[in-house]
Amino acid sequence: MLPKAERLRRRRDFQTVLRTGRRMHHPLVTLYFLPRAAGGRLAAFVVGRRVSNKAARRNKVRRRLREAYRLRRHQVKSDVWLIFAAQPAAGKANFHQLAAAVEQLLRQAGLWADRDNMTSEQRDH
C-alpha cells in the first residue's frame, strides 16, 4: 500500500491531471501524468468495469498495478502526479506483464530517473 502522502485523492487533482496533463498508451495500461513545480510524487490507480464486471477481478488488477508502481516509485522523478488507468486487456494480464507495462510507460514518458545520476538523498527516498 502506498503511504497516504503519496496518493492522488482529490477529484479536482484528478481532473487537473486528466485535462492538462499528458498521456502515454500501452495495451494494458494508460498513464496520465502532469509534472509539477512542487507537490511531490502522487499516484492513483483506476480500474473500470471495462476491465471486468466483477469487483474482485478489478480489485486484483488495482492491487497488482499499485504494487508494480510501489516497487518502482523510487526510480520515478519527484514532483509529478500520475494516474494509471487499466485497459480491458489488463484483466487477463499477470503481475509481471503489468509491472513491465508500468515501467515501460514511465520510461517512455521520461519520468524514469537514472539511478546512476541521482543524489544519495534522492536514492534513499
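Assorted remarks:
- Counting only lysines at least 8 places from LYS92 when in the same chain, those with an alpha carbon closer than 25 Å to its own are LYS54, LYS60.
- Sorting the segments 92-100, 78-86 by their mean number of nearby beta carbons within 10 angstrom, highest to lowest, gives 78-86, 92-100.
- Distance between the pseudo-spin-label points of ARG19 and ASP79 (7 Å out from Cα toward the beta carbon): 2.3 nm.
- Sequence ranges 8-15, 39-46, ranked by mean other-Cβ count within 10 angstrom, highest first: 39-46, 8-15
- Computed Kirkwood radius, in angstrom, where 1/r is averaged over Cα pairs of the chain: 14.7 Å
- Burial ordering of LYS60, LYS4, fewest other beta-carbon atoms within 10 Å first: LYS4, LYS60
No value in this document is a laboratory result; all are computed from the given coordinates. Everything numeric in this text was worked out from a predicted model, so none of it was measured. Virtual Cβ from ideal backbone geometry, glycine too; neighbours counted across all protein chains shown.
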